[in-house]
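*Asks:* Can you keep this structure in mind? I'll have questions shortly.
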Amino acid sequence: MQEITDKRARRRDRRARLTSALRHFLSNQASAGMVLMGAAALALIVANSPLGEAYATALTRYIGPLNLLHWINDALMAVFFLLVGLEIKREVTDGELSSWSRRILPGMAALGGVVVPALIYLAIAGGDPVTRHGWAVPMATDIAFALGVLALLGSRVPISLKILLTALAIIDDLIAVIIIAVFYTADLSVLMLAGAGGVILALLMLNRFGVKALWPYLLLGVVLWVFVYRSGVHATLAGVALALTIPITRSPAAPDDKESPLHILEHGLSPWVAFLIVPIFGFANAGVSLAGLTPAVLLEPVPLAIALGLFIGKQVGVMAACWVTVKLKWAEMPTHANWRQLYGVALLCGIGFTMSLFIGLLAFPGAPHLEDSVKIGVLMGSLLSALAGAGILLSSPKGAEGPPPAANPLH
């Protein structure tokens, strides 16, 4: 009898830790989203003020072998991708994506939200071989920005939908990483790739032999970044590769083990990435001059394709995939949520700020006009999605805010 009581107590404790960790994550991402909104707004203000020229000049100033913008987009963002990789590994190993029953609804929603925006983009801007290269720009969801909007709505959105949005955005990020590796890679250096492969092998050996100290992994991670940067593969992918080699321990009694190297690194990096690196990226890349901006400019193929891909493509793709998945009984509706609320979240998936801007820079390197078109399209699509999603959710009945069920928080 005592053993049964102890087991129940351990299960309750586990559920409490999971709920606490989840709420902490959602809270941090929501706060980071608000900071990112501020950074993006500040960039637009500065770029359209008398400081605009100094802003643009500062970003092109060289510091050592790279200019400031490249240090931000290639080096700092490698740390962002390291955190993305850690989050993906944690969720797949011991989180919201750890079983097929948990993956099916966000997975199908993410797939719909990737395919439909890409098709809309290609339908509008795919006729030109140059502009066609931006097909992946409207495919991503910015988790921090979207959760920041949800945070402003309070308990009108049930926590099950926040979990769904988080899982969907993480799968989006995984798809974006694969797309960057496969479609946005320059000429390859076999020698540098071999060097990167050797470093990854060394990292895997550290993991295999149970090395839990983080410093050897991080030291080799810097070497890996150099090899990847010089290989022709985008340097930020070194962060993802490093993340997949960081050890994670699993224990029924301690699902969120603070002694696990992966959890230690993730918790250590999270505030720096959320409140420093991503806002710096947003400030450096969202600044676009609005001088001469006319309806004709907004209707050019690239900004129009991106804006409609994010605003129309995301909501249609996510909502259709969710509807089919639920109607076929492959998954159930998220707890305490109705179709109107789910539609509001599908709209918020069109907020594609960070990853969309990043892919846009890879799609049109050295083409300032097209880079500005990407920024305008991403800002338009993200703003429309945020306003429409918030409007739908504000007009929905106030939802319940209970803890997620132990068996499956998504339903």
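*Asks:* Please work out the FRET efficiency for the pair N338 and D128, using the Cβ-Cβ distance as r and a Förster radius of 35 Å; give the result to the nearest 0.05.
*Replies:* Values: r = 42 Å, r/R0 = 1.21.
Computed FRET efficiency for N338 and D128: 0.25.
*Asks:* If packing is taken as the mean number of other Cβ atoms within 10 Å per residue, what is the order of 142-154, 267-279, highest first? Walk me through the numbers before you get to the answer.
*Replies:* Values: 142-154: 23.0, 267-279: 17.7.
The most tightly packed comes first, giving 142-154, 267-279.
*Asks:* For segment 49-117, report the convex hull volume of the alpha-carbon atoms normalised per residue, in Å³, without decimals.
*Replies:* Working: hull volume 10.1 nm³, N = 69.
It comes to 147 Å³ per residue, whole-number rounded.
*Asks:* Same structure, new question: Nearest 500 deg cm²/dmol is fine: what mean residue ellipticity at 222 nm does the chain get from its DSSP H runs of n ≥ 4 alone, each adding -39,500 (n - 2.57), divided by its residue count?
*Replies:* -22000 deg cm²/dmol
*Asks:* OK, next. Given all pairs of different Cα atoms, what value in angstroms does the Kirkwood hydrodynamic radius of the chain take? Don't skip to the end; give the middle numbers.
*Replies:* Details: mean 1/r = 0.0455 Å⁻¹.
It works out to 22.0 Å.
*Asks:* On to the next question. Can you compute 3J(HN,Hα) from phi for each residue in segment 321-334, using the Karplus curve 6.51 cos²θ - 1.76 cosθ + 1.60 with θ = phi - 60°, rounded to whole Hz and x for Gly and Pro?
*Replies:* Taking θ as phi minus 60°, the curve returns 5, 5, 4, 4, 5, 6, 5, 7, 6, 6, 8, 9, 4, x Hz for segment 321-334.
*Asks:* Gain in length, V297 to I104, computed as 0.36 nm per residue apart minus the alpha-carbon separation, to one decimal in nm?
*Replies:* Using 0.36 nm per residue and subtracting the Cα-Cα distance, I get 65.5 nm.
*Asks:* Which number gives the lysine pairs in the chain that have C-alpha atoms under 23 Å apart and are eight or more places apart or on different chains?
*Replies:* Step by step, the pairs that qualify in the chain add up to 12.
*Asks:* Can you order the peptides 130-138, 188-196 by their average number of other Cβ atoms within 10 Å per residue, highest first?
*Replies:* Per-residue Cβ counts within 10 Å, averaged per peptide and sorted highest first, yield 130-138, 188-196.
*Asks:* What does the C-alpha gyration tensor say about the overall shape of segment 249-402? Classify as rounded when a/c is under 1.5, otherwise prolate if a/b is larger than b/c, or oblate.
*Replies:* The shape class here is oblate.
*Asks:* Follow-up question, since we're still on this one. Note the full-extension length gain between T93 and V211 as 0.36 nm times their separation in residues minus their Cα-Cα distance, in nm to one decimal.
*Replies:* On the way: separation 118, 0.36 × 118 = 42.48 nm, distance 1.89 nm.
Once the chain is fully extended between T93 and V211, it gains 40.6 nm.
*Asks:* Now a separate question. In whole angstrom, note down how far apart the Cα centers of segment 175-245 and segment 336-379 are.
*Replies:* When both Cα centres are located, 27 Å separates them.
*Asks:* At 1.4 Å probe radius, can you tell me the per residue accessible area of the chain in Å²?
*Replies:* Values: 18000 Å² over 411 residues.
The answer is 44 Å² per residue.
*Asks:* Could you order peptides 313-319, 344-350, 83-89, 260-266 by the average number of other Cβ atoms within 10 Å of their residues, highest first? Numbers along the way, then the final one.
*Replies:* On the way: 313-319: 26.7, 344-350: 29.3, 83-89: 22.6, 260-266: 20.6.
By packing density, highest mean first, the sequence is 344-350, 313-319, 83-89, 260-266.
*Asks:* Moving on. Specify whether the C-alpha gyration tensor of segment 259-340 places it in the rounded, prolate or oblate class, a ≥ b ≥ c being the square roots of the eigenvalues: rounded for a/c under 1.5, otherwise prolate if a/b is larger than b/c and oblate if not.
*Replies:* Details: a/c = 3.43, a/b = 1.08, b/c = 3.17.
Since a/c reaches 1.5 but b/c is at least a/b, the shape of segment 259-340 is classed as oblate.
*Asks:* Using the Kirkwood radius built from alpha carbon pairs, what does the Stokes-Einstein equation give as D for segment 110-159 at 20 °C and 1.002 mPa s, in µm² per second?
*Replies:* Working: Rh = 12.7 Å.
After rounding, the answer is 168 µm²/s.
*Asks:* Hey, with R₀ at 30 Å, roughly what FRET efficiency would L152 and L328 work out to, going by the Cβ-Cβ distance, to 0.05? Mind dumping the intermediate values first?
*Replies:* Values: r = 34 Å, r/R0 = 1.13.
Efficiency computed from Cβ-Cβ geometry: 0.35.
The values are calculated or read from the model by the stated rules, or taken from the named source; none is laboratory data. As the structure is a computational prediction, the values presented were derived from the model and not from experiment. Because the Cβ atoms are built from the backbone with ideal geometry, glycine has one as well, and the counts that use them run over all protein chains shown. Quick note on the areas: whole protein, heavy atoms, side chains included, nothing else; ligands and nucleic acids left out. Shrake-Rupley method; radii C 1.70, N 1.55, O 1.52, S 1.80 Å.
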